[in-house]
1. Is it the case, given these coordinates, that residue 60 is of a type in the set (S, T, N, Q), surrounded by fewer than 23 Cβ atoms within 10 Å (Cβ to Cβ), without any contact (Cβ under 8 Å) to a residue 24 or more places away in the chain and farther than 27 Å from residue 248 by Cβ?
2. Has segment 238-256 got at least one residue that is of a type in the set (Gly, Ala, Ser), in a helix (DSSP H, G or I) and within 17 Å of residue 51 (Cα to Cα)?
3. Identify, please: which residue in segment 76-85 is touching a residue at least 12 places away in the same chain (Cβ under 8 Å) and open to solvent by 10 Å² or more (accessible area, probe 1.4 Å) and is, among those, nearest to residue 201 (Cα to Cα)?
4. Is it the case, given these coordinates, that residue 218 is more than 17 Å from the chain's Cα centre (by Cα), among the acidic types (Asp, Glu) and over 30 Å from residue 65 (Cβ atoms)?
5. If we scan segment 221-237, do we find a residue that is farther than 16 Å from residue 48 by Cα, open to solvent by less than 50 Å² (accessible area, probe 1.4 Å) and at pLDDT below 90?
6. Only residues in segment 90-114 that are of a type in the set (Lys, Arg) count as the first member; pair them with residues that are in a helix (DSSP H, G or I), Cβ under 7 angstrom, at least 6 apart or cross-chain, and list the lot.
7. Among the residues of segment 154-184, write down those that are open to solvent by 70 Å² or more (accessible area, probe 1.4 Å) and modelled with pLDDT under 75.
8. Working only within segment 90-109, note down all residues that are of a type in the set (A, V, I, L, M, F, W, C) and buried (at least 24 other Cβ atoms within 10 Å of the Cβ).
Amino acid sequence: MQPHSTYHRTENIPQALLLALAGMAAFTPVFAAGKIADGVLPVTVLVWMRFFGGAATILTAAAVKRVPLRSRVSSLWKLHLLRAVCGVGGLACSIHAASVLPLADATAIGLTKGIIAIVLAGLVLKEVITGRHLLAGVICALGAYLVVRSAEGASSPGQIVPAGVLSALLAAVFMACEALIMRYIAQREDTITILAYVNVIATILLAGPVLWLIATQDISGHTLLNFAWMGPLAIIGQSLNISAYRRAGAATLAPVYYGSVLLSALFGYLVWQEVPAPAAALGAILIIAGGVVLTLPNPFRKRRQAC
């Protein structure tokens, strides 16, 4: 298969960043579902509700558009399967971390996925890793570190538990791997095919354990319906992310996703009145600075071209 197809787009970093930002905004409530549920639903059931709702949404959209299923049979099904596994693992770990940690803290710890994705993009996808990528990653990582340290110092003993930190770190690994797979697939297949595969596969993978939990814990249909919003919202976020990866490389977008800590902090403040400390605010400024490093024109490149 050719490295580029009709689904490849000319690189447009500013547009990719806006799409990525919108995708992050859509996913913020999804990652906070564990804290929103407050123990009413197990993490496994929440993850399944997200993918089951996503599958129902994308298949309904395909039916409305009269998309023939036969034309969506993918030769990359192994990559779709691997992405589904990474997606389930990343979401489960993120929801668990956010349920036992302050939302901004869990998000900030998970932002180590940016550094992981930058390294993997160079090693696996052979993308060119420039000094700008590394500088942006370091600046954003430092900002995220300040956010976490600030929250840790303000928390009562035992509030930040090792299990939550470990879950956030595992989520980072899963999501970094998923980002690379998405970058590869996004340039070769259409959005409906990509979303249908990952959501349907994940729904099937979790169906057995979830049905058992629903039966043994006597979970009502009304309780499940209260979280039906997760699927459609995640589909919107996924669609935006796919569009972003068609316009910029995984290494370019990875540091930008540090901006999710700002959205999480805002969401935490609006819903649970979590107020960032001064050090956390400084960390947020550094995170934004990392994004600026990526988007500003490179004056040295222009000088080299002029010579």
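The values are calculated or read from the model by the stated rules, or taken from the named source; none is laboratory data. Please read these numbers as outputs of a predicted model, since none were measured by experiment. Note that we place each Cβ from the backbone using ideal geometry, even for glycine, and neighbour counts take in every protein chain shown. Ligands, DNA and RNA are excluded from the accessible area calculation, which covers all protein heavy atoms including side chains. Shrake-Rupley method; radii C 1.70, N 1.55, O 1.52, S 1.80 Å.
1. Numbers: of a type in the set (S, T, N, Q): yes; surrounded by fewer than 23 Cβ atoms within 10 Å (Cβ to Cβ): yes; without any contact (Cβ under 8 Å) to a residue 24 or more places away in the chain: yes; farther than 27 Å from residue 248 by Cβ: yes.
Answer is yes for this residue.
2. Looking through segment 238-256, at least one residue is of a type in the set (Gly, Ala, Ser), in a helix (DSSP H, G or I) and within 17 Å of residue 51 (Cα to Cα).
3. 81
4. When the stated conditions are applied, residue 218 passes them.
5. At the first step, the residues of segment 221-237 found to be farther than 16 Å from residue 48 by Cα are 236-237.
After this cut, where a residue has to be open to solvent by less than 50 Å² (accessible area, probe 1.4 Å) as well, the list is 237.
Okay, now just the ones that are also at pLDDT below 90, so 237.
There is at least one residue in segment 221-237 that is farther than 16 Å from residue 48 by Cα, open to solvent by less than 50 Å² (accessible area, probe 1.4 Å) and at pLDDT below 90.
6. From segment 90-114, the pairs are 113/172; 113/175; 113/176.
7. Scanning segment 154-184 gives 154, 157, 159, 162.
8. 91, 93, 95, 97, 98, 101, 103, 104, 106, 108, 109 - these are the residues of segment 90-109 that are of a type in the set (A, V, I, L, M, F, W, C) and buried (at least 24 other Cβ atoms within 10 Å of the Cβ).
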